[in-house]
1. With θ taken as phi - 60° and the coefficients 6.51, -1.76 and 1.60, list the Karplus ³J(HN,Hα) couplings across region 52-68 in order, rounded to whole Hz; mark glycine and proline as x.
2. Could you compute the FRET efficiency for His91 and Val17, with r as their C-beta to C-beta distance and R0 at 22 Å, rounded to 0.05?
3. Quick one, which of (1) 3.14; (2) 1.02; (3) 1.80 is the actual Cα Rg over 2.2 N^0.38 Å calculated for this model?
4. From the phi angles alone, apply the Karplus equation (6.51, -1.76, 1.60; θ = phi - 60°) to region 79-86 and give each ³J(HN,Hα) in whole Hz, x where the residue is Gly or Pro.
5. Among Ala19, Ala58, Ala38, which one shows the highest mean-square fluctuation when the chain is modelled as a Gaussian network with alpha-carbon springs under 10 Å?
6. Run the numbers for Thr10 and Thr48: contour at 0.36 nm per residue of separation, minus the present Cα-Cα distance, in nm.
7. Return the sequence-ordered ³J(HN,Hα) values of region 4-17 in whole Hz as given by the Karplus equation 6.51 cos²θ - 1.76 cosθ + 1.60 applied to θ = phi - 60°, using x for Gly and Pro.
8. Per DSSP H run of at least 4 residues, take -39500 (n - 2.57); add these up for the chain, divide by its residues and hand me the 222 nm value, nearest 500 deg cm²/dmol.
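Bear in mind these aren't lab numbers, they're just calculated from the coordinates by the rules spelled out. In this text, all values refer to a predicted model and were calculated from it rather than measured experimentally. No Cβ is skipped: glycine too gets one built from the backbone with ideal geometry, and neighbour counts run over all protein chains shown.
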Amino acid sequence: MTPNKALAKTLRNIGPVMAQRLIDTGIETREQLIQMGAENAYLAMYPTGDKYGDHNAAYMMALEGAIQDCDWQEIAESRKTTLKRFAKQLHTKLK
């Protein structure tokens, strides 16, 4: 099994592509992701946005779900709001 597939199987909400991005930034375990936090891990993975040039809160929610070991839909609304606000601020800086 490739490292990205192995990581994808151990982290909730994380598929092989995002797992490879995590590995590429030096995040190879859930513990490392927890230490970094969703926002910092996202910035390491997507410093200039996703392939469309957008900063998308959905990526951060997936990371937060992996950190909390829950489905991203189970994240507290207050945390989702924080992540959406962070993504919006990043996106605004690009314009």
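1. After applying 6.51 cos²θ - 1.76 cosθ + 1.60, I find 9, x, 9, 9, 10, 5, 4, 5, 5, 5, 4, 5, 5, x, 5, 5, 7 Hz.
2. Numbers: r = 21 Å, r/R0 = 0.95.
So, using R0 = 22 Å, E works out to roughly 0.60.
3. (2)
4. Going residue by residue, I get 6, 4, 4, 4, 5, 5, 5, 4 Hz, with x marking Gly and Pro.
5. Ranking Ala19, Ala58, Ala38 by mean-square fluctuation puts Ala58 first.
6. Value of the extension gain: 11.0 nm.
7. For region 4-17, the Karplus-derived couplings read 5, 5, 5, 5, 4, 6, 8, 10, 5, 6, 10, x, x, 5 Hz, x marking Gly and Pro.
8. Working: 6 runs with 62 residues, N = 95.
That calculation yields -19500 deg cm²/dmol at 222 nm.
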